[in-house]
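The values are calculated or read from the model by the stated rules, or taken from the named source; none is laboratory data. None of these values were measured; they are calculated from a predicted model. No Cβ is skipped: glycine too gets one built from the backbone with ideal geometry, and neighbour counts run over all protein chains shown. Protein only, heavy atoms only, side chains kept; ligands, DNA and RNA dropped before computing areas. Shrake-Rupley method; radii C 1.70, N 1.55, O 1.52, S 1.80 Å.
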Amino acid sequence: MKNRVMIAPSILSADFAAMGNAVEKLEKCGADLIHCDIMDGTFVPRITFGSQMVESVKRHTALPLDVHLMVVNPADKVKDFVEAGADYITVHAEACGDKLKDTLAYIRSFGVKCGAVISPDTPFAKAESVLEYCDMFLIMSVYPGLGGQKFIERTLPKAEQAKERIVRDGLKCLVEIDGGITVDNARRVADAGVDVLVAGNTVFKSEDMAKTIMQLRGGKCEV
Ligand code: DX5
Ligand code: ZN
């Protein structure tokens, strides 16, 4: 029996001036993780928030914090986010280059779960070799740097490839997809072997957050 898909709303789409309430509401409405999009204005043009915001968010929820570093030299930032209370820290293969494996090991050395991220134009093969060192493998289904973009269909086969490899090799690694997830495509994406769906706009634009989270989970809501 396939485990139910987990929903990780991205607080990129929240009202930053009322982040504590947003996070408490997400937990009340059934989110499984809180996805924190860290952007440094260099790896991507936009700047969002840093480890202090993550620290504040941590005080408002018991949910695991899934910290997505869209930053240059991510290894230099890891310790800050560990101390802020991150439960998962994912780093871009494009930002780490040949230091990806070391960066993943460094995150794990703090007892925090680690993950590699690939952007839409990066082939799965580029990060396939580090899957065994990952607790999470994040496939960007939009270009990093903005919420509210359209799902890029050609990224979905990478999720299938990743899941195939994880099952074949008996690895313990969650497949996460990030960007453009809606109640219309969530089921199809989950059926491709994705374990965690990141959704920002769809969740925060919803009139009924709990209902939308349940719909993203495929209508089933095993409470
Ligand atoms: C984009 C971020 C995503 C994005 C998801 O750089 O990594 O997490 O916020 O938001 P939606 O669901 O609005 O595409
Ligand atoms: Zn993200």
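Remarks
- Accessible area in square angstrom per residue, the chain, 1.4 angstrom probe: 45
- Highest average packing first - 34-42, 69-77, Cβ atoms within 10 Å: 34-42, 69-77
- Beta bridges from DSSP with both residues in the chain: antiparallel share about 5 percent, rounded to the nearest 5.
- Cα point-scatterer Debye curve for the chain, base-10 log of I(q)/I(0) at q = 0.09, 0.13, 0.16, 0.17 Å⁻¹: -0.31, -0.67, -1.07, -1.22
- Residue-normalised convex hull volume from the C-alpha trace of segment 1-85: 111 Å³ per residue.
- Residue-span extension gain [Ser56 to Arg187] - 0.36 nm each, minus C-alpha spacing: 43.9 nm
- Of all aspartates and glutamates in the structure, the ones whose alpha carbon falls short of 13 Å from that of Lys79, not counting any fewer than 8 places away in one chain, are Glu55, Asp87.
- 14 Å Cα-Cα reach of Lys28 towards aspartates and glutamates, excluding residues that sit fewer than 8 places from it in its own chain: Asp208
- Label-point separation, Glu153 to Glu207 (7 Å along Cα→Cβ), nm: 3.0
- A full extension of the chain between Ser129 and Arg168 corresponds to an added length of 12.7 nm, given 0.36 nm per residue minus the alpha carbon distance.
- Percent accessible area from carbon and sulfur atoms, segment 106-195, protein chains only, probe 1.4 Å: 52
- Extending 7 Å from the Cα toward the beta-carbon at both Met19 and Asn73 defines two label points whose distance is 2.3 nm.
- Hull volume in cubic angstrom per residue (convex hull over the Cα atoms of segment 1-41): 78
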